[in-house]
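The values are calculated or read from the model by the stated rules, or taken from the named source; none is laboratory data. These numbers were taken from a predicted model, which means no experiment stands behind them. Here the Cβ positions follow ideal geometry from the backbone for every residue, glycine too, while neighbour counts run over all protein chains shown. Heavy atoms of the whole protein, side chains included, go into the accessibility calculation; ligands, DNA and RNA do not. Shrake-Rupley method; radii C 1.70, N 1.55, O 1.52, S 1.80 Å.
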Amino acid sequence: METIPVHPLTLNGRDPGQLRGDPITGDRYYSPEFAQREWDQLWTKIWHVAGRTQELQEPGDFVVHDFKSESVICVKQDDGSIKAFYNVCLHRGMKLVTEGGYNNNFHCPYHGWVWGRDGVLQELNDPEDFPQGNPCNKLRLQELRCDTWGGMVWYTMNPDAPALLDYLSPMPELYKNYPMDTAVRVFARKIKLNCNWKFATDNFSESYHTRTAHPQVPPWIDQDYWSSRSEMFPNGHGRTVQPMRPSLRDRLPEGEPLPFDFILRQWDIDPDSYPDFDAKAMQGWLDLKAAKKRLWKERGYKHYEHMNDEELTDSPHTVIFPNVTISFLPDNLIFFRTEPDAKDPTKCTFDLWCLAFPVEGQKEVESVMAGTQPLQEAESETCEFNGGLGVPEIIDSIVWQDMMLSEGQQNGWQSQGYTDSYLAGQETRVRFFHEVLNDYLEGRR
Ligand code: FES
């Protein structure tokens, strides 16, 4: 098996010695003052995902990203570039558009000013009636910095922010082998939850909860902390790289089919050819790598072309500071993102996008979180969680199990009985996330 070098920026995500020991106090999850500091020092400083590059194919295609009380338009230009503007008319402050689509130009719904997709004012009523001068071809929507990575359009409100690729470092380098630009988003929901946005980053920064909260996972992805690599990076990002093979300490009840058997058979490996469970998990995992390398081309798995041995069979579950998580699977990407409610710090929205790498001849894909879906681009819909009733497609999935826990944890954070978290070594990244957040809040980054 090929040796995968560890990136030089990597810090050991299981070593509490890397931490200062900042407490993770409850007020971080409910205090309006804390939320205001996050707005002032975090959200206005970092890069945000506005949408997908897939949504911006032709000049005039645009997406709208509402974040708390801000709204931003990202629009494809005639020269193929993408520009981002605050979604606000410079006449009297009206919001220009409420959702993405295609616009030759942007008509303000209030007094009818017409803004070009380059942001320049093109037309207005009664241009001669402006004593200070006709603003046509002079006024320009306020622009933000905009860039793309991973098939996503990003923007920042911070003129002094580092370049996007520097901000994301080392993720673009780590994931260069995945054709993220051509993944198809087969399922997308924006789900309203009754918890603070940080519940998701906390949750996705450790796998200690998996055996309890997601008992279906260990027979599929090895959840033992000693089998995985937990990594964190100076910019606040982190990931857990877990082998997609059964954990050796877990056994399904007699007669229950092992998901790994199905995967082995898919690649012409007989799961009954191994002398015992441990050999099947460990040697089967190596045999799977070899089979994928041998057969990917004839099976139409073009996205395997540049993947290394680890990427062919493993699951790097990756948190991009502060609020985006991407699960990189051999055939899928799962994008998770929480954002704070505009007014209430005990609420957030949770974007769940399931993406698949197209395989020749496939019409449907297993989306992992939302069952089997047709292999075609899906629009995002907004819904209430409501115990899962608002988004029935995900009931019983891993992410539904996480969401079901979120409200109980929110209640706990607001209790006088909670003062700090008592963390295992394998949860080191949870406190690391809060320490990087504190760095932002205190102006150290
Ligand atoms: Fe937009 Fe008046 S606020 S035209």
Selection within the range 268-280 - surrounded by 14 or more Cβ atoms within 10 Å (Cβ to Cβ) and not in a helix (DSSP H, G or I): Ile269, Tyr274
Scanning the range 378-396 for residues that are in a loop (DSSP other than H, G, I, E, B) and not β-branched (Val, Ile, Thr), which turns out most open to solvent (accessible area, probe 1.4 Å)? Glu379
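Can you tell me how many residues in the range 242-254 are among the charged types (D, E, K, R), free of Cβ contacts under 8 Å to residues at least 40 places away in the same chain and surrounded by 13 or more Cβ atoms within 10 Å (Cβ to Cβ)?
Just the residues of the range 242-254 that are among the charged types (D, E, K, R), to begin with: 245, 249-251, 254.
Those left that are additionally free of Cβ contacts under 8 Å to residues at least 40 places away in the same chain: 249-251, 254.
Still in the list and also surrounded by 13 or more Cβ atoms within 10 Å (Cβ to Cβ): 250-251.
The number of residues fulfilling the criteria is 2.
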Which of (1) on the phi > 0 side of the Ramachandran plot; (2) more than 11 Å from the ligand (Cβ to nearest atom) is the odd one out, the single condition Trp154 does not satisfy? (1)
In the range 404-431, how many are open to solvent by less than 20 Å² (accessible area, probe 1.4 Å) and of a type outside the set (Gly, Ala, Ser)? 5
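I'd like the full set of residues that are in a strand (DSSP E or B) and more than 16 Å from the chain's Cα centre (by Cα), limited to the range 162-191.
Answer for the range 162-191, where residues must be in a strand (DSSP E or B) and more than 16 Å from the chain's Cα centre (by Cα): there is none.
Go over the candidates Pro257, Pro234 one by one and state the one that is open to solvent by 20 Å² or more (accessible area, probe 1.4 Å) and over 30 Å from Trp43 (Cα atoms). Talk me through it step by step, then tell me what you get.
On the way: Pro234 fails: over 30 Å from Trp43 (Cα atoms).
Result of the check over Pro257, Pro234: Pro257.
Yes or no, residue by residue, for (1) open to solvent by 10 Å² or more (accessible area, probe 1.4 Å); (2) assigned to a loop (DSSP other than H, G, I, E, B); (3) over 15 Å from Ala188 (Cβ atoms):
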{"position": "Met282", "(1), (2), (3)": "yes, no, yes"}
{"position": "Ile334", "(1), (2), (3)": "no, no, no"}
{"position": "Leu352", "(1), (2), (3)": "no, no, no"}
{"position": "Val368", "(1), (2), (3)": "yes, yes, no"}
{"position": "Gln376", "(1), (2), (3)": "yes, yes, no"}
Residues located in the range 72-104, provided they are within 16 Å of the ligand (Cβ to nearest atom), part of a strand (DSSP E or B) and surrounded by 17 or more Cβ atoms within 10 Å (Cβ to Cβ): Ile73, Phe85, Tyr86, Val88
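Scanning the range 5-29 for residues that are within 12 Å of Glu231 (Cβ to Cβ) and either free of Cβ contacts under 8 Å to residues at least 12 places away in the same chain or assigned to a loop (DSSP other than H, G, I, E, B) (or both), which turns out least open to solvent (accessible area, probe 1.4 Å)?
Across the range 5-29, the extreme among qualifying residues is Gly13.
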Going residue by residue through the range 190-206, is there one that turns out to be within 19 Å of Ser367 (Cβ to Cβ), open to solvent by 10 Å² or more (accessible area, probe 1.4 Å) and either touching a Lys or Arg at 6+ places or on another chain (Cβ under 9 Å) or not hydroxyl-bearing (Ser, Thr, Tyr) (or both)? yes
Candidates Asp287, Asp344, filtered to the one that is open to solvent by 30 Å² or more (accessible area, probe 1.4 Å), closer than 30 Å to Val436 by Cα and either modelled with pLDDT of 95 or more or not in a loop (DSSP other than H, G, I, E, B) (or both): Asp344
Mind listing whichever residues of the range 167-211 are among the charged types (D, E, K, R) and touching a residue at least 40 places away in the same chain (Cβ under 8 Å)? Glu173, Lys176, Asp181, Arg185, Arg189, Lys190, Lys192, Lys198, Asp202, Glu206
Considering only residues that are loosely packed, with under 12 Cβ neighbours inside 10 Å and of a type in the set (Asp, Glu), look in the range 105-139 and name the one that is farthest from the ligand (Cβ to nearest atom). Glu128
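Mind telling me which of the residues Arg265, Arg294, Arg239, Arg299 ends up being in contact with a Pro (Cβ under 8 Å, 6 or more places away or on another chain), open to solvent by 50 Å² or more (accessible area, probe 1.4 Å) and not hydroxyl-bearing (Ser, Thr, Tyr)?
Numbers: Arg294 fails: in contact with a Pro (Cβ under 8 Å, 6 or more places away or on another chain); Arg239 fails: open to solvent by 50 Å² or more (accessible area, probe 1.4 Å); Arg299 fails: in contact with a Pro (Cβ under 8 Å, 6 or more places away or on another chain).
Only one candidate qualifies: Arg265.
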What is the one condition in (1) open to solvent by less than 30 Å² (accessible area, probe 1.4 Å); (2) among the small types (Gly, Ala, Ser); (3) within 23 Å of Ile320 (Cβ to Cβ) that Gly443 does not satisfy? (1)
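Restricting attention to the range 241-257, does a residue exist that is part of a helix (DSSP H, G or I) and more than 30 Å from Ile320 (Cβ to Cβ)?
Taking the range 241-257 and keeping what is part of a helix (DSSP H, G or I), we get none.
For the range 241-257, residues part of a helix (DSSP H, G or I) and more than 30 Å from Ile320 (Cβ to Cβ): absent.
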